[in-house]
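Q: I'd like to ask you about the structure that follows.
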Amino acid sequence: MSKVYDHTKIEEKWQQYWEENKFFLKTQNQEIKNIKDKMYLLFAFAYPSGQGLHVGHVESKTALDILARYYRMNGKNVFFPVGFDAFGLPAENYAIQTGVPPVKTTKNAINTFRRQIKRLGISYDFANELATCHPGYYKWTQWLFLQLYKAGLAYQDTGMVNWCPSCQTVLANEQVVDGVCERCDTQVMQKEMEQWFFKITDYKDELIAGLDQVDWPAPTKAQQLNWIGKKDGAEVDFIVVTQSEMDELKDQDALPTTSVALDHTLDQLEKIIKKWYQKQLVGSAVEVPVLDSKVFFSREIWQHFGVKFRSGSERLFRLLAVPKIYSVLTSPCAVVTAREKKIKNGVIKFWSFEEFVDGAVVKVVVRELEHEKHVYSVIWRGENEDSFESKRAQWQQCHENHKNKHKKKKLSCACDPHPQGINTLQLPFLNSNYTEKLLELSRLLQEMPLKPWLDEELLQRVKNRATARISCFTTRLDTVFGATFVAVSPEKFKQLYLLKRVSEKRRGQVKQYLEQALRKTEEERQIGEKDKTGVDTGLKAVNPASGQAVPVYVADYVLSGYGTGAVMGVPAHDERDFAFAKKHNLEIKQVIAWEGREYDDHVWQTYYSDYGQMVNSGRFNGLDFIESLEQLLEEFAYALRPATIYKLRDWLISRQRYWGAPIPIVYDPEGKPHPVKEEHLPWELPTDVDFKPTGESPLKSSLELKARTEKLYGKGWTPESDTMDTFVDSSWYFLRYVASRDETAFSDPAALQKWLPVDFYMIGPEHIVLHLLYSRFFIKFLRDQGYLDFDEPFLKMRHQGMILGPDGKKMSKSKGNVITPDEVVEKFGADTLRMYEMFMGPIEADKPWDVSAVVGIYRFLSRVYQLVQTWSTASNDLEISTHEALQRKLHQTIKKVSADIPALKFNTAIAMMMELINVWEAAVKEETTKKAVVKETAEEVGSPAVISSTDVLAFIKILAPFAPFMAEELYQEIAENQVAKKQIAENPAQSIHLDVWPEWDEALALEQQVAIPVQINGKVRGEVLVAHDQLEEKEVVLAAAKKVESVQNYLKGKKVVKEIYVPGRIVSLVIRLAAK
RNA sequence: GCCGUGGUGGCGGAAUUGGUAGACGCGUAGGUCUCAAAAACCUAUGAGGGCAACCUCGUGAGAGUUCGAUUCUCUCCCACGGCACCA
């Protein structure tokens, strides 16, 4: 009788056979005829943990192995390498506990992994195996660091970093999960340290754009985008004024709700102008800064910046004031009041004047604060038609009485020389429109003598004053009128040196808040998430849109690292600001309204942050977000500018750990960093270190490293003692694979040209963000350095899901739900393990392990084994099979499997093969029964051959990628059959895995008769058999359908009103009661 | 809260992208073999009704489009993953 399926024996035999014959090591030597023929399959770099292979590894490795074997049999030149991401914390932590050096544990772990992988029959090209902890590899990791350093993309910076007190190392933001260390779940602290960074932000825009070039799952792309976090919005400048200044202004009635504060520095102006220029906003209204009584910008200067004067007259000609500059009046007889007021430390001089310009009443207040040498000017505008009209009436009155009345009241007029002798530019009275006034002004400006750029002293003053401006990023510029406070993060408040402006009275309180907030970690701040703490600084800042002077708070709900580190508080339309305002009793001013929805500032409603129509926003009332945007930017251009911010930050690569690639930097006796010379690479990891955590990098304890540095660079030189983040190692390994033994370069240009980019990459969803981002950054950098000629490393990528424990939860030792590959291989064999994991469901889904379901695959493989055994012991050899149903099923199966493998639908491919085996078995049984009628016993009957050797071969070939051991066994066994032997001999391959993939015969795969369902009023009421050559003939099929008995019953006494036939699919009849 | 993914028998999952819902496997029940058990094999297996042919319901809930919806549209519910005081 036939043999029993002995998986252990079979698998050991062929594993050895493949290894001896080096079948899968040949890829590198094969010549590519055509570039399309190469196939670089990449498995995510794995960390060789001491626990050995996990069933999750098996899934993705098997999936890729199936692809590798499939493509090889289809004549592709397949490159399928393997390696180990061997640096990392677990080995080091183990060393701390036991004293066993990481080199040793890592080596053992790799050996275990390699053994297990081979046992699974993964057809890796082991000739190119690599490990990141090998000096031959990390030499080039260090080389990469030096290239980045040379290009200015590796830099040192000090800053607050996440510190894990247990791991004694710095963590990247992304390694902190819910405030605890990703690896050991310890609370993360904040610590200030000198660190190395890679400037990945230089590539932020390209990292976004490149996503269009690759075939990746859309959610992955979305997550990358989210991580880079590009957001368009605007920056809004709030000018800080002290309380005493505020009081003075109030006296002047100079700050009604529609006033505008102006404050500018030179570089800001330059920025604005350039921005306009880039945005091609030539022709818009322009701000004319008058920097000094003697320094004017001529029209030429504006033109030099690419800005044209606006020709329209509807816009106010706005003037900017900076120190020592007063005013340029655009109308001839503005009412100018001059006043002096004594305050504590000096004198404030005020000049205010009103003028009327094309539809707006303008009030300008110029103030000079002697002691601070500051001047603010405020432009105040008529808010609506009514005030405009009344102001105009006033204005005309004023004009009528100009000459005598002004003099009587001792008011000065712009027409007159300035009483204080300050240079005031005067325009002749013009009755004509604004354009002409503008032209006149520009003519006058041109005549003014030009003074060179600001002198040092003035420049310094301008710079100082810049700190008195708080910029806030917002994506909701349409709510700007509703900003009733400004909240600054503690860090930013410190940076801006705002504390010195806080009044004595409050300073202590503010200082105290700052100190305790800065001490808190990011994590601690999050604990009090709903508790919006903050302190009123007593400072006021002027909302550039509403002109309202609003309080400035320091609040730790504002993040320092995002945007500008300060926010404009719009409590009416932002939930956080709302909570803050409620707690601190701040004004809540609704500026957005929605049709059919009420606003009540007592309770927050989610729709308060929805887009809507602007209200309480002056002339912008009624506009929506989009409509207002451009206009706001233009109207308040002196304080608003478009801005884009990113969440992505530079990559912090320093790790205070031992088991990683040393950063190739040495410091001279002055402490200045210098790169290690290339001839000194690899800059080897010393072995004489103390693993015990001390809070300092273990490399500091190495005498060898210190001695080496002094010997090579001189006395007093010291080595960098940090190692690199292991993400650095694992973000370029796929370049090294193609020339993993090259000692002269990081990779071989010819091999790179030949194999890269990677055609298919399979990684777990845990690597979606960082690994991919970093790899893409390296590729783009190396490309810019001329080493590569492609933009994206991974053309096609898919993810494997997670294999869960039988309880549906994530496998973990503590839950006791871990299934190990070894135990399954032991019991059922590697073929069963592979196939079961492929059969569990879609590759990308998370699936629970079903202990009892594994046996289904084992049964299937046993049946395959038995069937082929039975076949090969049959005495008669068939050239061509005569069993029609079996033939059809076989060819349908070849077709389906050939389509499913490249689509990664392994589960349905396996289901189809099972169906085939079911049909095959049934056919054998049928034949046996036929024979049994003649013969008496089963032995006499023997094994009927209903299937030809061509067919058997075809089947085991399509099975081969899934169950490579079984397929090889059967392949070699049926070679004893005469006919099969001939067919196998036609291919010189000594292994089924190097043989040729079978083709299917479309004609044989076709069903002779198709059962077409017949629907009546949408319900299936019968089916009609149609010969396959009549499928296209609508009338024939419809006629036949109507004759079907079950259909007839429904048609009685009814009228068919509609007939639908979808060829090969369905007949649908719509019936009504027949008209009487 | 935001972004993303999904919800189909007792379970894992199919369904040619709008055309007979539940392929394939597990489990379960009954049977064959056996002294018995295990293994293996055979038959049945969405729910309800009927002796039966058949009928009704049924893909998270509700509505819509259609001759026809697991598939498309809208509203809602639930689960999972990522980000999160991100302005």
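The values are calculated or read from the model by the stated rules, or taken from the named source; none is laboratory data. Everything quoted here is computed from the prediction, not taken from an experiment. Heads up, the Cβs are rebuilt from the backbone with ideal geometry, glycines too, and the neighbour counts pull from every protein chain shown. Ligands, DNA and RNA are excluded from the accessible area calculation, which covers all protein heavy atoms including side chains. Shrake-Rupley method; radii C 1.70, N 1.55, O 1.52, S 1.80 Å.
Q: Could you check the simple spin-label distance between A:E20 and A:Q1008, using points 7 Å along Cα→Cβ, in nm with one decimal?
A: That separation, rounded to one decimal, is 4.9 nm.
Q: Round to the nearest 0.05 the FRET efficiency obtained for A:T475 and A:M802 when R0 = 41 Å and r is the Cβ-Cβ distance.
A: Calculated transfer efficiency: 0.70.
Q: Report the accessible area of A:R863, computed with a 1.4 Å probe over the heavy atoms of all protein chains in place, in Å² rounded to the nearest 10.
A: 80 Å²
Q: Taking a ≥ b ≥ c as the square roots of the eigenvalues of the Cα gyration tensor of the range A:727-828, is the shape rounded (a/c under 1.5), prolate (a/b larger than b/c) or oblate?
A: Judged from the Cα gyration tensor, the range A:727-828 comes out prolate (a/c at least 1.5, a/b above b/c).
Q: What figure in square angstrom, to the nearest 10, would you give for the accessible area of A:Y787 with a 1.4 Å probe?
A: About 90 Å², rounded to the nearest 10.
Q: Can you list the HN-Hα couplings for the range A:714-727, worked out from phi with the Karplus curve (6.51, -1.76, 1.60; θ = phi - 60°), rounded to whole Hz and with x for Gly and Pro?
A: x, 5, x, 7, 10, x, 5, 10, 8, 10, 8, 3, 5, 5
Q: When the solvent-accessible surface of protein heavy atoms is calculated with a 1.4 angstrom probe, in what order do A:L648, A:L1004 fall, highest first? It would help to have the intermediate numbers written out before the result.
A: Working: A:L648 15, A:L1004 65 Å².
The most accessible residue leads, giving A:L1004, A:L648.
Q: Give the long-range amide H neighbours of A:K38: residues separated by 5 or more places, or on another chain, with amide H under 5 Å away, using H modelled in the peptide plane at 1.01 Å from N.
A: Amide H neighbours of A:K38: A:N77.
Q: To continue, here is another question. Once phi is turned into θ = phi - 60°, what whole-Hz ³J(HN,Hα) does the Karplus curve with 6.51, -1.76 and 1.60 give for every residue of the range A:834-850, x standing for Gly and Pro?
A: Using θ = phi - 60°, the values come out as 4, 5, 4, 5, 6, 8, 4, x, x, 4, 7, 8, 7, 9, x, 6, 10 Hz.
Q: May I pose another question? Arrange the residues A:E921, A:E837 by how much accessible surface each exposes, largest first, with a 1.4 angstrom probe. Intermediate results must be reported in sequence, preceding the final value.
A: Details: A:E921 55, A:E837 0 Å².
Largest to smallest exposure gives the sequence A:E921, A:E837.
Q: Given R₀ = 30 Å, FRET efficiency for A:Q605-A:K647 by Cβ-Cβ distance, to 0.05?
A: 0.60
Q: Ranking request for peptides A:110-116, A:850-856, A:539-545, A:144-150: highest mean number of other beta-carbon atoms within 10 Å first, then the rest in descending order.
A: Per-residue mean Cβ counts within 10 Å order the peptides as A:539-545, A:144-150, A:110-116, A:850-856.
Q: Moving to a separate point now. With all protein chains present, calculate the accessible area of A:K231 using a 1.4 Å probe and round the result to the nearest 10 Å².
A: The accessible area of A:K231 comes to roughly 100 Å².
Q: Now for a different question. How long is the gain from A:K692 to A:E515 if the chain were fully straight, where each residue apart is worth 0.36 nm and the alpha carbon distance is subtracted?
A: Numbers: separation 177, 0.36 × 177 = 63.72 nm, distance 3.34 nm.
So the extension gain works out to 60.4 nm.
Q: Need the full-extension length gain, A:A975 to A:K582, defined as separation in residues times 0.36 nm minus the C-alpha distance. One decimal, nm.
A: 133.0 nm
Q: Given R₀ = 25 Å, FRET efficiency for A:K827-A:R115 by Cβ-Cβ distance, to 0.05? All intermediate terms of the calculation are to be shown ahead of the outcome.
A: Working: r = 18 Å, r/R0 = 0.73.
The pair A:K827/A:R115 has a calculated efficiency of 0.85.
Q: Moving to a separate point now. 5 Å is the cut-off here: which amide hydrogens, built 1.01 Å from N in the peptide plane, fall below it relative to A:R657, excluding neighbours closer than 5 in sequence?
A: A:T723
Q: Ignoring ligands, DNA and RNA, what accessible area per residue does the range A:4-152 give at 1.4 Å, in Å²?
A: For the range A:4-152, the solvent-accessible area averages 39 Å² per residue.
Q: As a test of reading the structure, rank A:K532, A:K692 by solvent-accessible area (1.4 Å probe, protein chains only), most first.
A: Per-residue accessible area, sorted high to low, gives A:K692, A:K532.
Q: By average Cβ neighbour count within 10 Å, what is the ranking of A:17-23, A:752-758, A:120-126, A:553-559 from highest down?
A: A:553-559, A:120-126, A:752-758, A:17-23
Q: Between A:Q51 and A:L225, what length comes free when the chain is fully extended (0.36 nm per residue of separation minus the Cα-Cα distance, one decimal in nm)?
A: Answer, rounded to one decimal: 59.1 nm.
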